[in-house]
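The values are calculated or read from the model by the stated rules, or taken from the named source; none is laboratory data. If you're wondering where the values come from, they're calculated on a predicted model, not measured in any experiment. Ideal geometry is used to build each Cβ from the backbone, glycine not excepted, and the neighbour counts take in all protein chains shown. Surface areas here come from the heavy atoms of the whole protein model, side chains and all, with no ligands, DNA or RNA. Shrake-Rupley method; radii C 1.70, N 1.55, O 1.52, S 1.80 Å.
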Amino acid sequence: MNYVIIDIETTGGSPKTSKITEIAIYKHDGNNVIDEFDTLVNPEIPIPDFIVNLTGISDKMVQDAPKFYEVAKKIVEFTDGCIFVAHNVNFDYGVIRHEFRKLGYDYRRKNLCTVVASRKIIPGHDSYSLGKLTKDLGINIVGRHRAGGDALATAKLFTILHEKSSGELVGLINEDLNPKILHPNLDLAELDEIPDRTGVYRFYNEVNKLIYVGRSKHIRRRIDQHLKNTKSQKGLTLLKEIVRIEYELTGSDLIASFTELSLISKNAPIYNTPIRKSKYTYGLYDYKDEAGYQRFFIGLTSRLTETPLMGYTSKKEGVSHLLSLIEEHELCQKLCELYPSTSSCLEYQDGKCRGACVQDELPELYNIRANNLINQLLLVGQNFYIIDNGRQKGEKSVVLIEDGELKAFGYTPFHFQFNSIVKWRHTLNDLEVNSDMFTMLRNYIKNNPALNIVTF
(Lines give C-alpha, C1' and ligand atoms only; values in the text may rest on other atoms or scores of the structure.)
Protein backbone atom coordinates (compact mmCIF):
# COMPACT_ATOMS: atom_id res chain seq x y z
CA MET A 1 0.00 0.00 0.00
CA ASN A 2 1.37 3.41 -0.99
CA TYR A 3 0.52 6.77 0.54
CA VAL A 4 0.84 10.32 -0.77
CA ILE A 5 1.66 12.89 1.90
CA ILE A 6 0.33 16.22 0.68
CA ASP A 7 0.52 19.83 1.77
CA ILE A 8 -0.76 22.90 -0.02
CA GLU A 9 -0.44 26.63 0.43
CA THR A 10 -3.45 28.71 -0.54
CA THR A 11 -4.79 32.23 -0.80
CA GLY A 12 -6.61 31.63 2.51
CA GLY A 13 -10.21 31.04 3.50
CA SER A 14 -12.40 27.95 3.33
CA PRO A 15 -11.94 25.00 0.96
CA LYS A 16 -14.65 26.53 -1.23
CA THR A 17 -12.95 29.90 -1.65
CA SER A 18 -9.24 29.04 -1.37
CA LYS A 19 -7.04 28.91 -4.44
CA ILE A 20 -3.84 26.86 -4.40
CA THR A 21 -0.52 28.70 -4.62
CA GLU A 22 1.77 25.73 -4.00
CA ILE A 23 1.45 21.95 -3.74
CA ALA A 24 3.94 19.34 -2.56
CA ILE A 25 3.39 15.57 -2.67
CA TYR A 26 5.67 12.89 -1.21
CA LYS A 27 4.90 9.30 -2.18
CA HIS A 28 5.54 6.97 0.75
CA ASP A 29 5.60 3.16 0.84
CA GLY A 30 5.03 2.96 4.60
CA ASN A 31 8.73 3.01 5.40
CA ASN A 32 10.32 5.65 3.20
CA VAL A 33 9.62 8.43 0.72
CA ILE A 34 9.95 6.89 -2.76
CA ASP A 35 8.99 9.81 -5.04
CA GLU A 36 8.03 13.48 -4.90
CA PHE A 37 6.24 16.23 -6.79
CA ASP A 38 6.43 19.92 -5.87
CA THR A 39 5.36 23.04 -7.72
CA LEU A 40 4.16 26.60 -7.28
CA VAL A 41 0.70 27.21 -8.73
CA ASN A 42 -0.68 30.39 -10.25
CA PRO A 43 -3.95 30.95 -8.36
CA GLU A 44 -5.19 33.44 -10.99
CA ILE A 45 -6.22 35.84 -8.21
CA PRO A 46 -4.17 38.25 -6.06
CA ILE A 47 -2.59 36.73 -2.96
CA PRO A 48 -3.61 38.65 0.21
CA ASP A 49 -0.82 40.47 2.05
CA PHE A 50 -1.24 38.44 5.26
CA ILE A 51 -0.77 35.23 3.26
CA VAL A 52 2.33 36.66 1.60
CA ASN A 53 3.73 37.51 5.04
CA LEU A 54 2.92 34.00 6.32
CA THR A 55 4.19 31.89 3.42
CA GLY A 56 6.52 34.21 1.56
CA ILE A 57 4.71 33.34 -1.68
CA SER A 58 3.96 36.53 -3.62
CA ASP A 59 2.09 37.35 -6.84
CA LYS A 60 5.43 37.81 -8.59
CA MET A 61 6.62 34.33 -7.55
CA VAL A 62 3.59 32.58 -9.05
CA GLN A 63 3.30 34.82 -12.09
CA ASP A 64 4.93 32.28 -14.43
CA ALA A 65 3.93 29.17 -12.45
CA PRO A 66 1.51 26.66 -14.02
CA LYS A 67 -2.19 27.11 -13.36
CA PHE A 68 -3.98 24.31 -11.54
CA TYR A 69 -5.51 22.82 -14.68
CA GLU A 70 -2.03 22.50 -16.12
CA VAL A 71 -0.85 20.24 -13.26
CA ALA A 72 -4.18 18.50 -12.61
CA LYS A 73 -3.39 15.44 -14.76
CA LYS A 74 -0.01 15.02 -13.04
CA ILE A 75 -1.71 15.11 -9.60
CA VAL A 76 -4.27 12.49 -10.66
CA GLU A 77 -1.61 10.16 -12.01
CA PHE A 78 0.84 10.71 -9.14
CA THR A 79 -1.78 9.95 -6.48
CA ASP A 80 -3.56 7.13 -8.31
CA GLY A 81 -4.08 4.07 -6.10
CA CYS A 82 -2.61 5.82 -3.03
CA ILE A 83 -4.02 6.89 0.33
CA PHE A 84 -4.24 10.71 0.53
CA VAL A 85 -2.49 11.79 3.76
CA ALA A 86 -2.29 15.29 5.25
CA HIS A 87 -2.07 17.07 8.58
CA ASN A 88 -5.71 18.20 8.98
CA VAL A 89 -6.68 16.29 5.86
CA ASN A 90 -10.16 17.77 5.54
CA PHE A 91 -8.74 21.13 4.48
CA ASP A 92 -6.14 19.97 1.95
CA TYR A 93 -8.39 17.28 0.49
CA GLY A 94 -11.35 19.67 0.38
CA VAL A 95 -9.43 22.41 -1.46
CA ILE A 96 -7.97 19.98 -4.01
CA ARG A 97 -11.35 18.33 -4.61
CA HIS A 98 -12.93 21.75 -5.09
CA GLU A 99 -10.27 22.73 -7.65
CA PHE A 100 -10.90 19.51 -9.58
CA ARG A 101 -14.66 19.95 -9.37
CA LYS A 102 -14.37 23.32 -11.13
CA LEU A 103 -12.63 21.44 -13.93
CA GLY A 104 -15.53 18.99 -14.12
CA TYR A 105 -13.59 16.11 -12.55
CA ASP A 106 -14.70 14.21 -9.44
CA TYR A 107 -11.37 13.62 -7.65
CA ARG A 108 -11.68 11.02 -4.89
CA ARG A 109 -9.13 9.13 -2.82
CA LYS A 110 -9.18 7.20 0.44
CA ASN A 111 -7.69 9.56 2.99
CA LEU A 112 -6.02 9.69 6.39
CA CYS A 113 -5.43 12.57 8.82
CA THR A 114 -2.12 12.65 10.69
CA VAL A 115 -3.68 14.82 13.41
CA VAL A 116 -6.25 12.10 14.16
CA ALA A 117 -3.64 9.36 13.80
CA SER A 118 -1.18 11.16 16.11
CA ARG A 119 -3.76 11.60 18.86
CA LYS A 120 -4.51 7.87 18.65
CA ILE A 121 -1.01 6.42 18.24
CA ILE A 122 1.17 8.89 20.16
CA PRO A 123 -1.15 10.37 22.82
CA GLY A 124 -0.13 12.77 25.56
CA HIS A 125 1.22 15.75 23.61
CA ASP A 126 0.13 19.25 24.65
CA SER A 127 -0.55 20.23 21.04
CA TYR A 128 -0.99 18.36 17.77
CA SER A 129 -0.35 21.31 15.48
CA LEU A 130 2.31 20.40 12.94
CA GLY A 131 4.85 22.90 14.28
CA LYS A 132 4.59 21.92 17.95
CA LEU A 133 4.20 18.18 17.40
CA THR A 134 7.21 17.89 15.09
CA LYS A 135 9.27 19.93 17.55
CA ASP A 136 8.34 17.48 20.32
CA LEU A 137 9.42 14.59 18.09
CA GLY A 138 12.69 16.19 17.03
CA ILE A 139 11.60 16.73 13.41
CA ASN A 140 13.13 19.87 11.95
CA ILE A 141 10.93 21.73 9.45
CA VAL A 142 12.96 23.43 6.76
CA GLY A 143 10.57 25.89 5.18
CA ARG A 144 7.66 26.28 7.61
CA HIS A 145 4.43 27.36 5.91
CA ARG A 146 5.77 26.28 2.55
CA ALA A 147 4.23 23.20 0.96
CA GLY A 148 7.53 21.37 0.49
CA GLY A 149 8.78 21.90 4.05
CA ASP A 150 5.47 21.09 5.73
CA ALA A 151 4.80 18.05 3.52
CA LEU A 152 8.26 16.61 4.17
CA ALA A 153 7.85 17.12 7.93
CA THR A 154 4.44 15.39 7.71
CA ALA A 155 6.09 12.53 5.79
CA LYS A 156 8.65 12.11 8.59
CA LEU A 157 5.83 12.20 11.14
CA PHE A 158 3.96 9.60 9.09
CA THR A 159 7.01 7.31 9.15
CA ILE A 160 6.98 7.44 12.97
CA LEU A 161 3.23 6.77 13.08
CA HIS A 162 3.56 3.85 10.69
CA GLU A 163 6.33 2.29 12.79
CA LYS A 164 4.40 2.65 16.05
CA SER A 165 0.91 1.90 14.78
CA SER A 166 0.83 -1.92 14.95
CA GLY A 167 -1.79 -1.86 12.23
CA GLU A 168 -3.89 0.92 13.79
CA LEU A 169 -3.38 3.20 10.79
CA VAL A 170 -5.47 0.95 8.56
CA GLY A 171 -8.49 1.49 10.81
CA LEU A 172 -8.05 5.27 10.55
CA ILE A 173 -8.23 5.38 6.76
CA ASN A 174 -11.40 7.10 5.58
CA GLU A 175 -13.15 5.39 2.71
CA ASP A 176 -14.37 7.96 0.22
CA LEU A 177 -17.82 7.83 -1.34
CA ASN A 178 -18.40 5.32 -4.10
CA PRO A 179 -20.80 7.00 -6.58
CA LYS A 180 -21.56 3.63 -8.19
CA ILE A 181 -23.52 2.38 -5.15
CA LEU A 182 -25.49 5.62 -4.67
CA HIS A 183 -28.68 6.69 -6.44
CA PRO A 184 -27.70 8.16 -9.82
CA ASN A 185 -29.77 11.30 -9.18
CA LEU A 186 -28.01 12.21 -5.91
CA ASP A 187 -26.04 15.42 -6.59
CA LEU A 188 -22.63 14.90 -5.01
CA ALA A 189 -21.63 18.49 -5.77
CA GLU A 190 -24.38 19.70 -3.43
CA LEU A 191 -23.15 17.26 -0.80
CA ASP A 192 -19.76 18.96 -0.84
CA GLU A 193 -21.43 22.24 0.16
CA ILE A 194 -22.79 20.86 3.45
CA PRO A 195 -20.81 22.28 6.41
CA ASP A 196 -19.50 20.03 9.17
CA ARG A 197 -21.38 21.77 11.96
CA THR A 198 -24.19 21.13 14.45
CA GLY A 199 -27.61 20.63 12.93
CA VAL A 200 -30.27 18.34 11.49
CA TYR A 201 -30.25 16.59 8.12
CA ARG A 202 -33.04 14.98 6.08
CA PHE A 203 -32.96 12.34 3.34
CA TYR A 204 -35.60 12.24 0.58
CA ASN A 205 -36.32 9.54 -2.02
CA GLU A 206 -37.13 9.87 -5.71
CA VAL A 207 -40.80 10.68 -5.06
CA ASN A 208 -39.74 13.47 -2.66
CA LYS A 209 -40.78 11.55 0.46
CA LEU A 210 -38.87 12.12 3.69
CA ILE A 211 -37.29 8.75 4.56
CA TYR A 212 -34.78 9.60 7.29
CA VAL A 213 -34.02 12.38 9.79
CA GLY A 214 -30.81 12.65 11.78
CA ARG A 215 -28.84 15.12 13.84
CA SER A 216 -25.17 15.53 14.70
CA LYS A 217 -22.60 17.99 15.96
CA HIS A 218 -20.83 17.25 12.67
CA ILE A 219 -23.59 16.79 10.09
CA ARG A 220 -21.30 16.52 7.07
CA ARG A 221 -19.25 13.79 8.74
CA ARG A 222 -22.40 11.95 9.82
CA ILE A 223 -23.95 12.12 6.34
CA ASP A 224 -20.72 10.73 4.89
CA GLN A 225 -20.99 7.80 7.30
CA HIS A 226 -24.49 7.04 6.02
CA LEU A 227 -23.38 7.20 2.39
CA LYS A 228 -20.45 4.86 3.07
CA ASN A 229 -22.42 2.36 5.15
CA THR A 230 -22.31 -0.84 3.11
CA LYS A 231 -21.90 -3.16 6.09
CA SER A 232 -25.59 -3.54 6.96
CA GLN A 233 -28.55 -4.39 4.76
CA LYS A 234 -30.53 -1.46 6.15
CA GLY A 235 -27.64 0.92 5.40
CA LEU A 236 -27.29 -0.38 1.84
CA THR A 237 -31.01 -0.06 1.18
CA LEU A 238 -31.13 3.46 2.57
CA LEU A 239 -28.18 4.85 0.62
CA LYS A 240 -29.58 3.48 -2.66
CA GLU A 241 -32.84 5.42 -2.07
CA ILE A 242 -31.38 8.83 -1.17
CA VAL A 243 -31.97 11.29 -4.01
CA ARG A 244 -31.90 14.60 -2.13
CA ILE A 245 -30.35 15.79 1.14
CA GLU A 246 -31.46 18.87 3.06
CA TYR A 247 -29.97 20.26 6.24
CA GLU A 248 -30.60 22.90 8.88
CA LEU A 249 -27.90 24.34 11.13
CA THR A 250 -28.92 24.81 14.76
CA GLY A 251 -25.69 25.66 16.59
CA SER A 252 -27.16 24.06 19.70
CA ASP A 253 -27.22 20.26 20.01
CA LEU A 254 -30.28 20.59 22.27
CA ILE A 255 -32.25 22.46 19.59
CA ALA A 256 -31.05 19.91 17.03
CA SER A 257 -32.48 17.17 19.28
CA PHE A 258 -35.84 18.97 19.53
CA THR A 259 -35.96 19.53 15.77
CA GLU A 260 -35.07 15.92 15.00
CA LEU A 261 -37.70 14.58 17.41
CA SER A 262 -40.37 16.92 16.03
CA LEU A 263 -39.68 15.92 12.42
CA ILE A 264 -39.73 12.21 13.27
CA SER A 265 -42.97 12.57 15.26
CA LYS A 266 -44.73 14.45 12.45
CA ASN A 267 -43.43 12.49 9.45
CA ALA A 268 -42.62 8.99 10.76
CA PRO A 269 -39.79 8.42 8.22
CA ILE A 270 -39.55 4.73 7.35
CA TYR A 271 -35.86 4.41 8.26
CA ASN A 272 -36.17 6.04 11.70
CA THR A 273 -36.97 4.00 14.79
CA PRO A 274 -39.05 5.70 17.51
CA ILE A 275 -36.83 8.03 19.56
CA ARG A 276 -38.04 6.81 22.95
CA LYS A 277 -37.27 3.19 22.16
CA SER A 278 -33.92 3.78 20.53
CA LYS A 279 -32.44 6.47 22.78
CA TYR A 280 -33.71 5.79 26.29
CA THR A 281 -33.76 2.07 26.98
CA TYR A 282 -34.20 2.56 30.72
CA GLY A 283 -36.00 5.14 32.81
CA LEU A 284 -36.34 6.32 36.42
CA TYR A 285 -39.88 5.74 37.68
CA ASP A 286 -41.69 6.36 40.99
CA TYR A 287 -44.72 5.02 42.83
CA LYS A 288 -46.17 5.02 46.35
CA ASP A 289 -46.15 1.67 48.19
CA GLU A 290 -48.82 0.27 50.50
CA ALA A 291 -47.13 1.78 53.55
CA GLY A 292 -47.27 5.25 51.97
CA TYR A 293 -43.57 5.61 51.09
CA GLN A 294 -42.58 7.22 47.79
CA ARG A 295 -40.41 4.68 45.98
CA PHE A 296 -38.15 4.82 42.93
CA PHE A 297 -36.78 2.23 40.52
CA ILE A 298 -34.94 1.85 37.23
CA GLY A 299 -37.09 0.07 34.64
CA LEU A 300 -37.17 -0.80 30.93
CA THR A 301 -39.06 1.88 29.01
CA SER A 302 -40.32 -0.75 26.55
CA ARG A 303 -42.28 -2.44 29.33
CA LEU A 304 -43.82 0.65 30.91
CA THR A 305 -46.34 3.12 29.52
CA GLU A 306 -45.64 5.91 32.02
CA THR A 307 -43.30 8.76 31.14
CA PRO A 308 -40.08 8.33 33.15
CA LEU A 309 -38.69 11.04 35.42
CA MET A 310 -35.37 10.56 33.58
CA GLY A 311 -34.23 8.46 30.65
CA TYR A 312 -31.00 6.46 30.32
CA THR A 313 -29.20 4.65 27.54
CA SER A 314 -28.26 1.77 29.86
CA LYS A 315 -29.22 0.31 33.22
CA LYS A 316 -25.71 1.03 34.51
CA GLU A 317 -26.14 4.74 33.73
CA GLY A 318 -29.52 4.78 35.45
CA VAL A 319 -28.30 3.03 38.59
CA SER A 320 -25.28 5.32 38.82
CA HIS A 321 -27.47 8.43 38.59
CA LEU A 322 -30.02 7.08 41.07
CA LEU A 323 -27.26 6.36 43.59
CA SER A 324 -26.08 9.97 43.36
CA LEU A 325 -29.66 11.20 43.86
CA ILE A 326 -30.09 8.91 46.88
CA GLU A 327 -27.00 10.41 48.47
CA GLU A 328 -28.02 13.98 47.61
CA HIS A 329 -31.55 13.64 49.04
CA GLU A 330 -30.74 11.16 51.85
CA LEU A 331 -33.07 8.48 50.55
CA CYS A 332 -33.11 4.73 51.20
CA GLN A 333 -31.47 2.30 48.76
CA LYS A 334 -33.99 -0.40 49.64
CA LEU A 335 -36.92 1.89 48.83
CA CYS A 336 -35.19 2.68 45.53
CA GLU A 337 -34.98 -1.07 44.78
CA LEU A 338 -31.18 -1.08 44.74
CA TYR A 339 -30.74 -3.14 47.91
CA PRO A 340 -33.02 -6.21 48.02
CA SER A 341 -33.53 -7.18 51.65
CA THR A 342 -36.27 -8.37 53.99
CA SER A 343 -34.83 -6.20 56.73
CA SER A 344 -33.03 -2.86 56.75
CA CYS A 345 -30.74 -1.58 54.03
CA LEU A 346 -26.96 -1.50 54.42
CA GLU A 347 -26.95 2.30 54.65
CA TYR A 348 -29.22 2.11 57.74
CA GLN A 349 -26.75 -0.22 59.40
CA ASP A 350 -23.99 2.31 58.62
CA GLY A 351 -26.08 5.18 59.99
CA LYS A 352 -26.60 6.89 56.63
CA CYS A 353 -30.28 5.94 56.18
CA ARG A 354 -32.90 7.38 58.51
CA GLY A 355 -34.80 4.08 58.71
CA ALA A 356 -37.61 4.28 56.19
CA CYS A 357 -36.66 0.75 55.11
CA VAL A 358 -37.83 -0.59 58.54
CA GLN A 359 -40.45 2.16 59.02
CA ASP A 360 -38.41 3.88 61.73
CA GLU A 361 -38.93 7.10 59.75
CA LEU A 362 -42.51 8.14 59.04
CA PRO A 363 -43.54 8.18 55.36
CA GLU A 364 -44.64 11.83 55.71
CA LEU A 365 -41.08 12.86 56.62
CA TYR A 366 -39.37 10.57 54.10
CA ASN A 367 -41.68 11.71 51.28
CA ILE A 368 -40.72 15.35 51.77
CA ARG A 369 -37.24 14.53 50.53
CA ALA A 370 -38.53 12.11 47.90
CA ASN A 371 -40.89 14.77 46.52
CA ASN A 372 -38.08 17.32 46.52
CA LEU A 373 -36.21 14.93 44.24
CA ILE A 374 -39.22 14.58 41.93
CA ASN A 375 -39.68 18.37 41.80
CA GLN A 376 -35.99 18.82 41.07
CA LEU A 377 -36.06 16.36 38.15
CA LEU A 378 -39.33 17.75 36.76
CA LEU A 379 -38.03 21.34 37.08
CA VAL A 380 -41.15 22.26 39.04
CA GLY A 381 -41.48 26.03 39.48
CA GLN A 382 -38.13 26.74 37.80
CA ASN A 383 -37.65 29.65 35.38
CA PHE A 384 -34.50 29.91 33.29
CA TYR A 385 -32.93 30.28 29.86
CA ILE A 386 -30.33 27.94 28.39
CA ILE A 387 -27.82 29.96 26.35
CA ASP A 388 -25.75 28.05 23.80
CA ASN A 389 -23.99 28.39 20.46
CA GLY A 390 -25.82 30.02 17.59
CA ARG A 391 -25.92 29.05 13.92
CA GLN A 392 -23.22 31.57 13.07
CA LYS A 393 -20.75 33.92 14.72
CA GLY A 394 -22.32 36.81 16.59
CA GLU A 395 -25.41 34.77 17.46
CA LYS A 396 -26.58 32.74 20.45
CA SER A 397 -29.28 30.09 20.75
CA VAL A 398 -31.82 30.45 23.56
CA VAL A 399 -34.14 27.84 25.09
CA LEU A 400 -36.82 29.01 27.54
CA ILE A 401 -38.08 26.99 30.53
CA GLU A 402 -40.90 28.81 32.31
CA ASP A 403 -42.54 27.57 35.53
CA GLY A 404 -40.90 24.18 34.92
CA GLU A 405 -42.25 23.86 31.37
CA LEU A 406 -40.33 23.86 28.11
CA LYS A 407 -41.82 26.84 26.29
CA ALA A 408 -39.81 28.23 23.39
CA PHE A 409 -36.50 28.49 21.58
CA GLY A 410 -34.84 30.82 19.13
CA TYR A 411 -31.77 32.83 18.25
CA THR A 412 -30.60 36.26 19.27
CA PRO A 413 -27.63 38.45 18.34
CA PHE A 414 -24.77 38.02 20.80
CA HIS A 415 -25.11 41.58 22.12
CA PHE A 416 -28.81 40.97 22.90
CA GLN A 417 -27.76 39.03 26.00
CA PHE A 418 -26.93 42.33 27.65
CA ASN A 419 -30.47 43.66 27.17
CA SER A 420 -33.19 43.32 29.79
CA ILE A 421 -34.01 39.66 30.35
CA VAL A 422 -37.72 40.49 29.91
CA LYS A 423 -37.08 41.28 26.22
CA TRP A 424 -35.54 37.89 25.45
CA ARG A 425 -38.94 36.15 25.29
CA HIS A 426 -40.02 38.28 22.31
CA THR A 427 -37.25 36.88 20.11
CA LEU A 428 -38.27 33.24 20.59
CA ASN A 429 -40.68 30.88 18.85
CA ASP A 430 -43.16 28.77 20.81
CA LEU A 431 -42.32 25.08 20.86
CA GLU A 432 -44.81 22.25 20.42
CA VAL A 433 -43.65 20.03 23.29
CA ASN A 434 -44.25 16.36 23.98
CA SER A 435 -43.17 14.17 26.90
CA ASP A 436 -40.16 12.74 25.03
CA MET A 437 -38.90 16.27 24.37
CA PHE A 438 -39.18 17.16 28.05
CA THR A 439 -37.34 13.96 29.03
CA MET A 440 -34.66 14.91 26.50
CA LEU A 441 -34.33 18.37 28.06
CA ARG A 442 -33.87 16.99 31.58
CA ASN A 443 -31.25 14.51 30.42
CA TYR A 444 -29.42 17.23 28.50
CA ILE A 445 -29.21 19.37 31.63
CA LYS A 446 -27.98 16.38 33.67
CA ASN A 447 -25.31 15.45 31.12
CA ASN A 448 -24.05 18.99 30.53
CA PRO A 449 -23.23 20.50 33.92
CA ALA A 450 -21.32 23.40 32.34
CA LEU A 451 -24.40 24.77 30.53
CA ASN A 452 -24.86 28.53 30.53
CA ILE A 453 -28.14 28.81 32.48
CA VAL A 454 -29.68 32.21 33.27
CA THR A 455 -32.44 32.11 35.90
CA PHE A 456 -35.18 34.68 36.34
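Odds and ends about this structure:
- Residue 432/residue 91 FRET efficiency (R0 45 Å; Cβ-Cβ; nearest 0.05): 0.65
- Nearest-ten-degree value, helix 68-79 long axis tilted from longest Cα axis of the chain: 70
- Fraction of beta bridges assigned by DSSP in region 1-159 that are antiparallel (%, nearest 5): 70
- On Cα atoms only, tilt of 435-447 relative to the major axis of the chain in degrees: 70
- Fraction of C-alpha pairs exceeding 18 angstrom in region 18-64: 39 percent, rounded to a whole number.
- The chain - mean residue ellipticity at 222 nm from DSSP helices (-39,500 (n - 2.57) per run, n ≥ 4, rounded to 500): -10500 deg cm²/dmol
- Each residue of region 228-236 is assigned a 3J(HN,Hα), and the resulting list reads 10, 7, 10, 8, 10, 5, 5, x, 4 Hz, derived from the Karplus form 6.51 cos²θ - 1.76 cosθ + 1.60 (θ = phi - 60°), x at Gly and Pro.
- For residue 172 and residue 337, a Förster radius of 45 Å and the Cβ-Cβ distance give a FRET efficiency of 0.55, rounded to the nearest 0.05.
- DSSP-assigned coil residues among GluC sites (Glu not before Pro) in region 1-97, each with at most 13 further Cβ atoms within 10 Å: 44
- Helix axis angle, 253-267 relative to the chain longest principal axis, alpha carbon, degrees: 80
- Across the options 195, 415, 363, the greatest Cα extent toward the positive end of the charge dipole of the chain (unit charges at beta carbon of Lys, Arg, Asp, Glu) belongs to 195.
- Over every Cα atom in region 278-320, the radius of gyration and the widest Cα-Cα span, Dmax, amount to 10.8, 36 Å.
- Region 55-106, dipole about Cα centre (Lys/Arg Cβ +1, Asp/Glu Cβ -1), debye to the nearest 20: 100
- Over 22 Å [Cα-Cα, region 1-100], rounded percent: 27
- Cα-based shape type of region 208-270, given that a ≥ b ≥ c are square roots of the gyration tensor eigenvalues and the cut on a/c is 1.5: oblate
- Solvent-accessible area assigned to carbon and sulfur over the chain amounts to 49 percent, based on a 1.4 Å probe.
- Euclidean distance of C-alpha centroids, region 291-351 and region 363-382, integer Å: 14
- For the chain, size of Cβ-based charge dipole, Lys and Arg +1, Asp and Glu -1, in debye: 580
- Among the protein heavy atoms, those of residue 391 account for about 90 Å² of accessible surface (1.4 Å probe, every chain in place).
- Chain lengthening between residue 273 and residue 328 when straightened (0.36 nm per residue, less Cα-Cα): 16.3 nm
- Based on the convex hull around the alpha carbon atoms, region 12-169 presents an average projected area of 9.4 nm².
- Volume per residue for region 176-315 equals 128 cubic angstrom (convex hull of Cα atoms).
- Taking N as its residue count, the alpha carbon Rg of region 261-361 over 2.2 N^0.38 Å: 1.32
- Nonlocal amide H pairs with residue 405, under 5 Å, H built at 1.01 Å: none
- Look at the Cα gyration tensor of region 58-133: its axes a ≥ b ≥ c give a/c of at least 1.5 with a/b at or below b/c, and that counts as oblate.
- Selection among 313, 207, 392 by position relative to the dipole of the chain gives 207 as farthest towards the positive end (Cβ unit charges, Cα centre).
- The mean sequence separation of alpha-carbon pairs under 8 Å and at least six residues apart, normalised by the residue count of the chain, gives a relative contact order of 9 percent.
- Entry note: region 310-456 has Rg to Rh equal to 1.11, where both radii use alpha-carbon atoms and Rh is the Kirkwood radius.
- Shape call, region 99-147: gyration tensor on alpha carbons, a/c limit 1.5: oblate
- Taking every DSSP beta bridge that has both ends in the chain, the antiparallel portion is near 90%.
- Radius ratio Rg over Rh of the chain, counting only Cα atoms, Kirkwood formula for Rh: 1.07
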